[in-house]
Amino acid sequence: MKQQVISSSAFAPRPGVENWMREFQDWLCHRMEMADGGSKFVHDEWTHPGGGGGITSALQYGAVLEKAGVSFSAVWDQMSEPMARQLQVKDRHYYTADVNVGLHPHSPMVPISHLNVRYFETRTGEAWFAGSLDLTPIYVDVVQARWFHQQIHAMCQRHDNGYYPRFKAGADAHFYLPHRGETRGVGGLFFEQLMVERDGMFEELLAFVQDVGEVFGRTYGTLMRQNAHLPYAEPEKRWQQQRRARCAEFNLTVDRPSRFELAAHGPEGFVLSLPPRAEWHNAPAPAPGSAEARTQQWLRPGVDWITSSGAA
C-alpha cells in the first residue's frame, strides 16, 4: 500500500530550528573544507515519502579527511503505535529536524568524531531536543582530550551548571561497548528528550543546541590542524583500522537505529557515519607500555577529564 503523504500544513512547528540546521550544515561543511584543504562536499537532495526531505553532504578522499558526512533532514510523518509508546507521545503525527555528522580522517593521529543534534515535535505541541557529540582518538592524547572536555564544559556552563556532569555521564554510558568492556573514545555529551517547557523555554534549549554545534565544529577543526601533519607508519595505520572497527561495532550492535530513525535520516543516513574501511583481526592485546596499551587504559567510563593529572 502506498504511504500516505502528509501535507506540511498539518504541522506548525516552532520556527527557527529548521533554518538554523540548514545554516549549520552549510557552516560546518565550509569549515571542514577549509580545514581539509583538499576536497569539497558533494550535496545530494532527497525527499521523504511521508513529507519533507533533506540534504546529504559527503566529502571523500580529501587531504585530511578520508570520509566526512554532514546530513540535514526535516521530515513529517506518522509513526507506528509501538514507536509512539516507546517515545511516550500522545499524537503519532510528528515533525523532526536534525543534523548528523561523521568525520573519518586518513591519519591515525587525527581523531574520529561524531555529532548529532535533533528537534522533535508532535502535532499537539509535545517537543524536545536531543543530541550527542564525542571524540574518538586512535591514540589518546591526554592534553587534547582534557582541552576538548574543557571546551564543552565551558560551553555547558553558559547554559546550566548541571548540563556537563549530566550529559557527560550520559555519553560515558551511551558510547560504551559492553561486549568489549570499553568506551568508543574519550566521550563528550549525550542528551535525549530535553523537553520544551519542562527543561527550559524553547529559545533557551535551541540556544544550547546551537552552541553544541558551534563547539563541535570549532574544536574538531583545531584538532585537525594540530594533528594532520604528525608522522605515522604502517603499525599506527593497522591500529587505526582496528579502532575504526570499534566504531562500526558500536553503530551496528549498540546504536542500531529504528525504522523511524532510518526514515528520518534519508537513504544514506545510516552509512554516513560509518568508517570508509575497517579491519577485524584475532590479534593479541597490545604490548604492555605501548602507545596502544596506554590508549586502551583511557577507554573507560567515569574519567574526570577536566581535572585529570594525565595518569590512567
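Rule-based calculations on the coordinates, nothing more; no lab input. Just so it is clear, the model here is predicted, and its values are computed rather than measured. Cβ: placed from backbone, ideal geometry, glycine included. Neighbour counts: every protein chain shown.
Projecting the Cα atoms of LEU205, PHE250, THR222 onto the dipole axis of the stretch 8-298, where Lys and Arg carry +1 and Asp and Glu carry -1 at the beta carbon, places PHE250 farthest toward the positive end. Spin-label pair VAL271-THR47: with each label point 7 Å from Cα along the Cα-Cβ axis, the two points sit 2.3 nm from one another.
Remark on the stretch 8-298: hydrodynamic radius 19.6 angstrom, per the Kirkwood mean of 1/r across alpha carbon pairs. Magnitude of the charge dipole for the stretch 164-254, about its Cα centre and with charges confined to Cβ atoms of Lys, Arg (+1) and Asp, Glu (-1), is about 600 debye.
Show me the ranking of peptides 125-134, 290-299, 98-107 by mean Cβ neighbours inside 10 Å, starting with the highest.
Descending packing order for the listed peptides: 98-107, 125-134, 290-299.
In the chain, helical runs assigned H by DSSP with n ≥ 4 each contribute -39500 (n - 2.57); averaged across all residues and rounded to the nearest 500, the mean residue ellipticity at 222 nm is -12000 deg cm²/dmol. Placing unit charges on the Cβ atoms of the charged side chains and taking the dipole of the chain about its Cα centre, the candidate lying farthest along the positive direction among LEU274, TYR95, VAL70 is LEU274. Helix hunt in the chain: which complete DSSP H runs extend at least 24 Å axially by C-alpha with mean Kyte-Doolittle at least -0.5? Helices meeting the span and hydropathy rule in the chain are 202-227.
About the centre of its Cα atoms, the chain shows a dipole size close to 600 debye [charges on the beta carbon of Lys, Arg (+1) and Asp, Glu (-1) only; nearest 20 debye]. Put simply, when 156-162, 70-76, 280-286 are sorted by average Cβ atoms within 10 angstrom per residue, most first, you get 70-76, 156-162, 280-286. Length gained on full extension, LYS90 to ALA173, computed as 0.36 nm times the residue gap minus the Cα-Cα distance: 27.0 nm.
GluC sites (Glu not before Pro) within the stretch 166-263: which are DSSP loop residues with at most 13 other Cβ atoms inside 10 Å? Answer by residue number: GLU197.
Since only GLY131, PRO13, GLY51 are under comparison, the one whose Cα sits farthest along the positive direction of the charge dipole of the chain, derived from C-beta charges on Lys, Arg, Asp and Glu, is GLY131.
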